[in-house]
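Accompanying notes for the structure given below.
Every read-out reported here was derived from the displayed coordinates using simple, explicitly stated rules and does not represent laboratory data. As the structure is a computational prediction, the values presented were derived from the model and not from experiment. No Cβ is skipped: glycine too gets one built from the backbone with ideal geometry, and neighbour counts run over all protein chains shown.
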Amino acid sequence: MRILGHRGASADAPENTVPAFRLALEQGADGVELDVRLCGSGEVVVFHDETLERLAGRPGRVVQTPWSTLRTLQVVTPGGRAPIPLLAEVLEALPRTAWVNVELKADSGWLKLAARVGRLLLDGGHQSHVVVSSFHPFCLLALAARAPSLRRGLLLEEGRPDWQESGPLSLWAGRDAVHPANAGLREEKVRLWHARGRQVAVWTVDDPGRARTLAGWGVDSVITNRPGLLRAALR
């Protein structure tokens, strides 16, 4: 079972930054999960929130802020501070042996986001070690139209109706993987998704006992804030 650092080793370093991703690998993660969105000048930046308040301590929406400004800002958390990176910079910083889960944050401009992420990943030759995920099936379908060779995973929140998980639209959007929430997940769901040919990546798993249970169910990946803790538990 793969261990993926949720926004990197986000319990110990500033989330979604190069130091957090490198630390996750040092702690024994097989790869990382990260969030991307477009900034005001059109670059693909690695940043979770729609606004800058929580992480960068200033007002403003990412989609309205140009990269020339974002590059001067720091992500500040109890784990430290580090610059906001571009997706291209993160991919360059990580070894190609690391699995990378790129989540598309489709709050606005999702057609353009899907196109630019798809082109960046294809041009960089990242098909073999990347899966692109999103809660928004239409965003994944837009990616499929532009970069059909890239792996796609549909993110699922707890309580989503079964028809949203298994309808034709969702099945095609999440052609390769399903990424369900840890809360409420049952073993029979994992078996069903595997029978449909999907890999299963569960978020967010910080409890070692739960990680061992999921490994016993055959889950393919767990996404965690504490990759070091889970690696020690699963040895």
> Quick one: if the Förster radius is 25 Å, what FRET efficiency do LEU111 and THR204 give, using the C-beta to C-beta distance and rounding to 0.05?
Replying inline: 0.35
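Using only alpha carbon pairs under 8 Å that are at least six residues apart, calculate the relative contact order of segment 2-234 and give it in whole percent.
Numbers: 501 pairs, mean separation 46.5, N = 233.
Relative contact order comes out at 20 percent.
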>> For Cα pairs less than 8 Å apart in space and 6+ apart in sequence, what is the mean separation divided by the residue count of segment 112-152, i.e. the relative contact order in percent?
In response: 51
>> Placing +1 on the Cβ of each Lys and Arg and -1 on the Cβ of each Asp and Glu in segment 112-208, which of SER170, SER149, PRO137 has its Cα farthest towards the positive end of the resulting dipole?
In response: SER149
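If Lys and Arg each add +1 and Asp and Glu each add -1, what is the summed charge of the other residues whose beta carbon sits under 13 Å from the beta carbon of ARG175? Don't skip to the end; give the middle numbers.
Details: positive: ARG151, ARG152, ARG196, ARG198; negative: ASP176.
After counting each charged neighbour, the total is +3.
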> What nm distance separates the two modelled labels at LEU122 and ARG58, each placed 7 Å from Cα along Cα→Cβ?
Replying inline: 3.5
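Checking the a/c ratio against 1.5 first, then a/b against b/c, what shape does the Cα gyration tensor give for segment 107-174? Walk me through the numbers before you get to the answer.
Details: a/c = 2.24, a/b = 1.77, b/c = 1.26.
Cα axes put segment 107-174 in the prolate bin.
Taking R0 as 30 Å, what FRET efficiency do you get between SER166 and ALA233 from their Cβ-Cβ distance, rounded to the nearest 0.05? Before the final figure, lay out the partial values.
Details: r = 32 Å, r/R0 = 1.07.
E between SER166 and ALA233, to the nearest 0.05, is 0.40.
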>> Relative contact order of segment 22-127, please, whole-number percent, based on alpha carbon pairs below 8 angstrom and at least 6 residues apart.
In response: 30
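So what is the calculated 222 nm ellipticity per residue for the chain, using -39500 (n - 2.57) for each DSSP H run with n of 4 or more, over all residues, to the nearest 500 deg cm²/dmol?
Values: 11 runs with 86 residues, N = 235.
Only helices count here, giving -9500 deg cm²/dmol.
Using C-alpha positions alone, give me the convex hull volume of segment 2-234 per residue in cubic angstrom.
Working: hull volume 26.3 nm³, N = 233.
Cα-based convex hull of segment 2-234, divided per residue, equals 113 Å³.
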> Can you list the GluC sites (Glu not before Pro) in segment 132-235 that are in a DSSP coil and have 14 or fewer other beta carbons within 10 angstrom?
Replying inline: GLU157, GLU158
> Given charges of +1 on the Cβ of Lys and Arg and -1 on the Cβ of Asp and Glu, with all other atoms neutral, how large is the dipole of the chain about its Cα centre, in debye to the nearest 20?
Replying inline: 320
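I need the calculated FRET efficiency for the pair ASP176 and SER68, taking r as the beta carbon distance and R₀ as 41 Å, to the nearest 0.05.
Values: r = 36 Å, r/R0 = 0.88.
Efficiency, rounded to the nearest 0.05: 0.70.
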>> So if the hydrodynamic radius of segment 48-90 is defined as the Kirkwood radius over C-alpha pairs, what does Stokes-Einstein give as its diffusion coefficient at 20 °C and 1.002 mPa s, in µm² per second?
In response: 199
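Rank these for me by crowding, VAL76, VAL202, VAL32, going from fewest to most other beta carbons within 10 Å.
Ranked by crowding around the Cβ, least crowded first: VAL76, VAL202, VAL32.
Using the Cβ atoms and a cut-off under 9 Å, what net charge is assigned to the surroundings of LEU113, where Lys and Arg are +1 and Asp and Glu are -1?
With Lys, Arg at +1 and Asp, Glu at -1, the net is +4.
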